[in-house]
Amino acid sequence: MINTFNRYKSKFNSHFSRFSMSTSTRPIVISGPSGTGKSTLLKKLFAEYPGKFGFSVSNTTRKPRDGEVNGKDYNFSTVEEFKQLIDEKKFIEWAQFSGNYYGTTIKAVKDVADKGVICLLDIDMQGVKSVKKTDLNARFLFISPPSIEELRKRLTRRGTETDESLERRINAASDEMEYAKLPGSHDKIIINEDLDKAYEEFKKFILEQE
Ligand code: ADP
Ligand code: 5GP
């Protein structure tokens, strides 16, 4: 799996060197508890810099939320389709999160590389650990909520979760927060309390030169 990935990775990097000389050429992995504000921050970034970044569109078996677009937010798959992709070794990494499968295909990252733009991935802690084992040479950014109580409020307000899935996400959040405390787990941690302030830090990290 990793070998297949490495074969096109050189293409990925050469794209970056040709098109993104003035900014970081490394992919950026954004993680943090569900509900902490990753999608909100990413949406602001894509709106401010159209065409500068590319989102690695993951596959998932979870049901689409209102407003989510297949092929843009996620590639929505059945469990059978997802398992077939696992068997065919199409994933760089995949994980089970809150009762569903999520994964980054080689194609998702290659599609961004082919456009010659900086690749942004939004994945969970298990995905972070897997990507660290590849030589994708990513930078790792963790978005933390101000507290678990505030996270619970955000997830509740978002109105996307059942009581059960909300509890599963809060449990996973504690693990993510513990992992983020380990030295070297991420290159940068941003606490998303005030959205505008968090966005300024987010933008700075992402645009930062190497
Ligand atoms: P994630 O992508 O990390 O799961 P979202 O971007 O969907 O999280 O954000 C979860 C909810 O919290 C959304 O309803 C969003 O509008 C809200 N939110 C995001 N950032 C903040 C913030 N700084 N303060 C208050 N609410 C926020
Ligand atoms: P949500 O269901 O809220 O969109 O996402 C739930 C969690 O799955 C989030 O932490 C998100 O970062 C993570 N996630 C999304 N795509 C992937 C992926 O491709 N791989 C992994 N490991 N996690 C993912």
Q) How much length, in nm to one decimal, is gained on full extension between residue 191 and residue 83, taken as 0.36 nm per residue of separation minus their Cα-Cα distance? A) 35.4 nm
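Where does the chain land at 222 nm, in deg cm²/dmol rounded to the nearest 500, when only DSSP H runs of n ≥ 4 count, each adding -39500 (n - 2.57), divided by all residues? Display every interim value, and only then the final one.
On the way: 8 runs with 100 residues, N = 210.
Result for the chain: -15000 deg cm²/dmol, rounded to the nearest 500.
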Q | Accessible area of segment 21-177 belonging to carbon and sulfur atoms, whole % at 1.4 Å probe | A | 50
Q. Given a 1.4 Å probe, how much area per residue of segment 78-118 is accessible, in Å²?
A. 51
(Q) How much of the DSSP bridge set in segment 48-132 is antiparallel, in percent, rounded to the nearest 5? (A) 55
Q.
Along the Cα→Cβ direction, 7 angstrom out, place labels at residue 52 and residue 72. What is the inter-label distance in nm?
A. 2.1
**Q.** Reciprocal mean inverse distance between Cα atoms of the chain - Kirkwood radius, Å
**A.** 17.5
Q: Could you check which residue among 165, 144, 58 shows the biggest mean-square fluctuation in a GNM of the chain with a 10 Å Cα cutoff?
A: 165
Q) In nm, to one decimal, how far is the modelled label at residue 149 from the one at residue 162, with both set 7 Å along Cα→Cβ? A) 2.9
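The values are calculated or read from the model by the stated rules, or taken from the named source; none is laboratory data. Source: prediction; values computed, not measured. Note: ideal-geometry Cβ built from the backbone for every residue, glycine included; neighbour counts use all protein chains shown. Note: accessible area is taken over every heavy atom of the protein model, side chains too, but ligands, DNA and RNA are not part of it. Shrake-Rupley method; radii C 1.70, N 1.55, O 1.52, S 1.80 Å.
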